[in-house]
Amino acid sequence: ASAGTLVWTGENPGSDVTQADITFGVRSMTPKTAMATTAFSRQLLAQSTVDAESVVRADLSKIHAIGIDLAAINGLGSSNQPLGLIKTTGIGSVTAGASGAAPTAAKITDLETANATANADEDGMKFLTTPAMRGKLRKIGKLDSVYASIPLWDQWGNAPGVGDLNGYQAMVSNQVPSTLTSTDTTNHDCNAMIFGYWPSLVIAEWGVIELVVDHEARPVAENHRVAAM
């Protein structure tokens, strides 16, 4: 939470400088449970030309992974959901406008400045936003009029879809909220943009995904019901 203090002193001060210890904060974590359930028939299992069980397993795994990502980015912290990054108190922010605003090079630069001012800029920082915002940034020129024809969102090397935004890698995800509240009816599609050092986003897991075949709660006698937790 805070560092120690450096004190300049003479060669032989005669007494110790004032002690200043580092201090630590605490982030509490409690387990949350997410579950999905589905059913498929024995006939499908026996007759399908694809491995039906593998398809179901893959689907359950994918929706769990997407759900965890969504919770990590924008989880409510209530209603049995984990607390997400956007809803965590104390996270710094840059206000584009009272009711949202069109993205500009200046505001994106302000995000970088805010992180540096908070001593939070680390090697490997990245942007994350929505696909709609990426499309918008591809149509906006850089700040300097000399480079006005070059879009803010440029391609990062040979990585299609990955952007170069102010010299940082930029990614997109539909997990980032695109329907933020705005009182301005002319600017109602408000998309979030996050900039930071992503390894500092902690996801704690107490165990792994479990697939359980439920032989009791079958809607039809011949069905398999599978629950994933």
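The values are calculated or read from the model by the stated rules, or taken from the named source; none is laboratory data. Everything quoted here is computed from the prediction, not taken from an experiment. Heads up, the Cβs are rebuilt from the backbone with ideal geometry, glycines too, and the neighbour counts pull from every protein chain shown. The area values use the complete protein model at the heavy-atom level, side chains included, leaving out ligands, DNA and RNA. Shrake-Rupley method; radii C 1.70, N 1.55, O 1.52, S 1.80 Å.
When both bridge partners sit in the stretch 57-171, DSSP labels roughly 65% of those beta bridges antiparallel.
Which of the listed residues, Leu44, Ser54, Ser78, is farthest toward the dipole's positive end in the stretch 21-173, when Lys, Arg count +1 and Asp, Glu count -1 at the beta-carbon? The residue sitting farthest along the positive end of the dipole is Leu44. DSSP beta bridges fully contained in the stretch 121-182 are about 65 percent antiparallel.
The local environment of Ile63, defined by Cβ-Cβ distances under 14 Å, has a net charge of 0 under the rule Lys, Arg +1 and Asp, Glu -1.
If you take the beta carbon distance between Ala34 and Leu6 as r and set R0 to 35 Å, what does 1/(1 + (r/R0)^6) give as a FRET efficiency, to the nearest 0.05? Spell out each step's value before the answer.
Working: r = 47 Å, r/R0 = 1.34.
It comes to 0.15.
Give me the percent of DSSP beta bridges within the chain that run antiparallel, rounded to the nearest 5.
On the way: 24 of 29 bridges.
Taking every DSSP beta bridge within the chain, about 85 percent pair in antiparallel fashion.
In Å², what does the accessible area per residue of the stretch 62-105 work out to with a 1.4 Å probe? Spell out each step's value before the answer.
Values: 2590 Å² over 44 residues.
That works out to 59 Å² per residue.
With respect to the chain, whose longest principal axis is taken over its alpha-carbon atoms, helix 105-117 is tilted by about 70°. The angle between the Cα long axis of helix 52-74 and the longest principal axis of the Cα atoms of the chain comes to about 30 degrees, rounded to the nearest 10.
Candidate cross-link partners of Lys62 among the lysines, defined by an alpha-carbon separation under 26 Å and a same-chain spacing of 8 or more, comprise Lys32, Lys87, Lys126. Highest mean first, the peptides 106-115, 1-10 sorted by other C-beta atoms within 10 Å per residue fall in the order 106-115, 1-10. Summarising the amide proton neighbourhood of Trp153: residues at separation of 5 or more, or on other chains, whose placed amide H is nearer than 5 Å comprise Arg138, Ile140.
Here Lys139 is the anchor, and the lysines within straight C-alpha reach of less than 16 Å, apart from those fewer than 8 places off in the same chain, are Lys107. The alpha-carbon atoms of the chain, seen along their principal axes, cover 85, 58, 40 angstrom, with the largest extent given first.
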